[in-house]
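A short write-up of the structure that comes next.
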């Protein structure tokens, strides 16, 4: 699934609005993750905190009535790209670091960890680490054969 610029602007607007829902007093930053829920039929993007408190919602027109079977897996790279494009907002939410952007289903179950923001580490999707365990195993096996 491809996304048009309007889709990225709509997602960015929702993320900016969600960021404004937290107090900017640096002495008392909340500890929470940011949960994104996409409703396939209505095209709604809802943003929640850890307490399931709705921070904002918007309608992504391009997603209205989408009936694709793999909608949630196809929307993930679009959300990740939007988060990356607007790092000045997404990496500076007035909440304690580290925090994650998580895609959740309509029942609140986690579908994917999209993006982790930390002072020293930024994690972008599960696919980044895909195959790492096998690579490490191969590395240790090769070292064992050298000695």
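The table that follows gives values for the structure above.
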{"quantity": "Sites residue 69 and residue 100 - FRET efficiency at Förster radius 35 Å, r taken between beta-carbons, to 0.05", "calculated": "0.85"}
{"quantity": "Ratio Rg/Rh [Cα only; Rh per Kirkwood] for the chain", "calculated": "1.07"}
{"quantity": "Choice from 29, 15, 46 with maximal GNM fluctuation in the chain (Cα, 10 Å cutoff)", "calculated": "29"}
{"quantity": "Using a Förster distance of 30 Å, the FRET efficiency for residue 6-residue 113 (Cβ separation, nearest 0.05)", "calculated": "0.70"}
{"quantity": "The stretch 5-146 - percent relative contact order, Cα under 8 Å, separation 6 or more", "calculated": "23"}
{"quantity": "Max mean-square fluctuation residue, GNM over the chain, Cα-Cα springs under 10 Å, options 136, 103, 45", "calculated": "136"}
{"quantity": "Likely footprinting exposure, 63, 140, fewest C-beta neighbours within 10 Å first", "calculated": "140, 63"}
{"quantity": "Calculated FRET efficiency for the pair residue 17/residue 87, C-beta based, R₀ 22 Å, to 0.05", "calculated": "0.85"}
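Every number here is computed from the coordinates shown, using simple stated rules; none is lab data. This structure is a prediction, so every number in the text was calculated from the model and none was measured. Every residue, glycine as well, gets a Cβ built from its backbone with ideal geometry; the counts of neighbours run over all protein chains shown.
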